[in-house]
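What follows is a set of notes on a single structure, which appears directly below.
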Amino acid sequence: MKALVLHGIRDLRVEEVAKPKPSAGEVLIRVKACGICGTDLHFYKGEWRVKLPLIPGHEFSGIVEELGPGVEELEEGTPVVAEPNITCGRCYYCRMKDRNFYCPNIRAVGVDVDGAFAEYVKVPAGNVYTIPRGMPFEEAALIEPLACCLRGLDNVGIELGDTVAVVGVGPIGLLMIQLSKIWGAVKVYAIDLIRERLNLAKQLGADVVIDASKEDPVKAVLSDTNDMGVDVAIEAAGSSRAMDTAVKLARRGGRVLIFGVAPQEEEWRLRPFELYEKELTIVASYRSPYTFQRAVRVASSGRVSLGPIISHVMPLERGPEAFEKLSRKTHGMIKVVLKP
Ligand SMILES: [Zn+2]
Ligand SMILES: [Zn+2]
């Protein structure tokens, strides 16, 4: 089968590799679409070290191609998505009351084992979720990031009537805006440096858009909130600069969600006095523990617009070109989905 294989920093190749064979309890999926995530770009740029060679790709949809021995709950030909994270089910964390992905034995498809930038990918049957027939596969590939957003918003807890600021309106920020509104936010501020992204943010429900290349977003939000700031600030860029902005945007007693994945070695300087003075709550979010089912439902309900977030659909063969473009600063792309 054809696959994208990452061999080193900025060394991604289209290759012919062996088609995987599903073992007992596994399902082979014929990949129809797989989104390029910021995490994939971290691997590509060497900002998050993974074992190479690796076929990346963890945001995917497809069709059940073959069932491994013992899998009876699925049928060949069914359209599906899959939770990429595989936990052991036996360790301390896997047996906790609160469902989580702290498992020290966690392996993720496209991170620790071969992923979905390929014609086929195999996953445990328990990770597979059926999607409605007719849902575009490109849009279904966004269910994984949607599931991660649900975890983040569960953690930070938006209440009816809250004001929310989203710092960074790439694919994640654009999902966060829509979900915040569904969750009960009455005013959402979208902040980014790129005009096209802000236009899309507006289209998808942001009430106020702030171009941080033209004006100071902190000043803009403070002057619009009687110098208070927002109830909830969501960082969705994965950069310490955006984290700084999020902390400054939150009101006294506010909550900050640090959501974006920063490079592994990046550091963030905080002014503890500001945390003290504002009595801030800062929460993080790790992947998508047990939020997939809900994400499938939310996506199927049509209450979030996924289509407009996808700026480019390209054949798998153009993957290396797409990765290289996305890894540069000004690429004019939002979500890129590859199709084998
Ligand atoms: Zn991702
Ligand atoms: Zn475990």
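Structure data summary
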quantity: Residue check for Leu160: in contact (Cβ under 8 Å) with a residue 24 or more places away in the chain and in contact with a Leu (Cβ under 8 Å, 6 or more places away or on another chain); calculated: no
quantity: Single match in Leu174, Leu150, Leu146 (criterion: crowded, with 24+ Cβ neighbours inside 10 Å, closer than 30 Å to Glu72 by Cβ and at pLDDT 95 or above); calculated: Leu146
quantity: Matching residues in region 36-88 - criterion: being within 15 Å of ligand 1 (Cβ to nearest atom) and within 14 Å of Gly126 (Cα to Cα); calculated: Val81, Ala82, Glu83, Pro84, Asn85
quantity: Odd one out for Leu160 among (1) assigned to a loop (DSSP other than H, G, I, E, B); (2) over 23 Å from Leu174 (Cβ atoms); calculated: (2)
quantity: From Glu324, Glu265, Glu277, Glu317, residue being of a type in the set (Asp, Glu), over 24 Å from Asp98 (Cα atoms) and part of a loop (DSSP other than H, G, I, E, B); calculated: Glu265
quantity: When residues of region 222-261 are limited to those that are more than 26 Å from the chain's Cα centre (by Cα) and assigned to a helix (DSSP H, G or I), the one surrounded by the fewest Cβ atoms within 10 Å (Cβ to Cβ); calculated: Ser223
quantity: Single condition Glu317 does not satisfy, out of (1) surrounded by fewer than 21 Cβ atoms within 10 Å (Cβ to Cβ); (2) closer than 26 Å to Ala201 by Cβ; calculated: (2)
quantity: Condition check for Gly134: on the phi > 0 side of the Ramachandran plot and either free of Cβ contacts under 8 Å to residues at least 24 places away in the same chain or more than 21 Å from the chain's Cα centre (by Cα) (or both); calculated: yes
quantity: Region 89-111 residues that are assigned by TED's automatic domain parsing to the domain that holds Pro124 and within 16 Å of ligand 1 (Cβ to nearest atom), paired with ones that are part of a loop (DSSP other than H, G, I, E, B) and among the polar types (S, T, N, Q) (beta carbon under 9 Å, 6 or more apart); calculated: Phe101/Thr87; Phe101/Ser288; Ile106/Thr87; Arg107/Thr87
quantity: Filtered residues of region 192-206 (kept if touching an Asp or Glu at 6+ places or on another chain (Cβ under 8 Å) and over 21 Å from Gly302 (Cα atoms)); calculated: Asp192, Leu193, Arg195, Leu198
quantity: Any chance Pro272 is of a type outside the set (Asp, Glu) and more than 27 Å from Val81 (Cβ to Cβ); calculated: yes
quantity: Residues (surrounded by 21 or more Cβ atoms within 10 Å (Cβ to Cβ) and farther than 24 Å from Glu317 by Cβ) located in region 27-63; calculated: Val27
quantity: When residues of region 110-136 are limited to those that are hydrophobic (A, V, I, L, M, F, W, C) and closer than 19 Å to Lys2 by Cα, the one surrounded by the most Cβ atoms within 10 Å (Cβ to Cβ); calculated: Ala116
quantity: Qualifying positions in region 182-207 - out of contact with any strand residue (DSSP E or B) (no Cβ under 6 Å at 6 or more places or on another chain) and assigned to a helix (DSSP H, G or I); calculated: Ile182, Trp183, Arg195, Glu196, Arg197, Asn199, Leu200, Gln203
quantity: Region 320-335, residues that are crowded, with 21+ Cβ neighbours inside 10 Å and either of a type in the set (Lys, Arg) or outside the structural domain of Val17 (by TED's automatic domain parsing) (or both); calculated: Lys335
quantity: Residue in region 112-120 that is without any contact (Cβ under 8 Å) to a residue 40 or more places away in the chain and either more than 16 Å from ligand 1 (Cβ to nearest atom) or not assigned by TED's automatic domain parsing to the domain that holds Leu6 (or both) present; calculated: no
quantity: Region 275-295, residues that are of a type in the set (Lys, Arg) and either touching a Pro at 6+ places or on another chain (Cβ under 6 Å) or within 30 Å of Val81 (Cβ to Cβ) (or both); calculated: Arg287, Arg294
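Conditions (1) touching a residue at least 12 places away in the same chain (Cβ under 8 Å); (2) within 23 Å of Glu266 (Cα to Cα); (3) out of contact with any Lys or Arg (no Cβ under 9 Å at 6 or more places or on another chain), marked per residue:
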{"site": "Val5", "(1), (2), (3)": "yes, no, no"}
{"site": "Val17", "(1), (2), (3)": "yes, no, no"}
{"site": "Ile36", "(1), (2), (3)": "yes, yes, no"}
{"site": "Asp40", "(1), (2), (3)": "yes, yes, yes"}
{"site": "Val50", "(1), (2), (3)": "yes, yes, yes"}
{"site": "Val64", "(1), (2), (3)": "yes, no, no"}
{"site": "Val71", "(1), (2), (3)": "yes, no, yes"}
{"site": "Val80", "(1), (2), (3)": "yes, no, yes"}
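The values are calculated or read from the model by the stated rules, or taken from the named source; none is laboratory data. It should be emphasised that the depicted structure is a prediction, and the values quoted were computed from it without experimental measurement. Note that each Cβ is placed from the backbone with ideal geometry, even for glycine, and that neighbours are counted across all protein chains shown.
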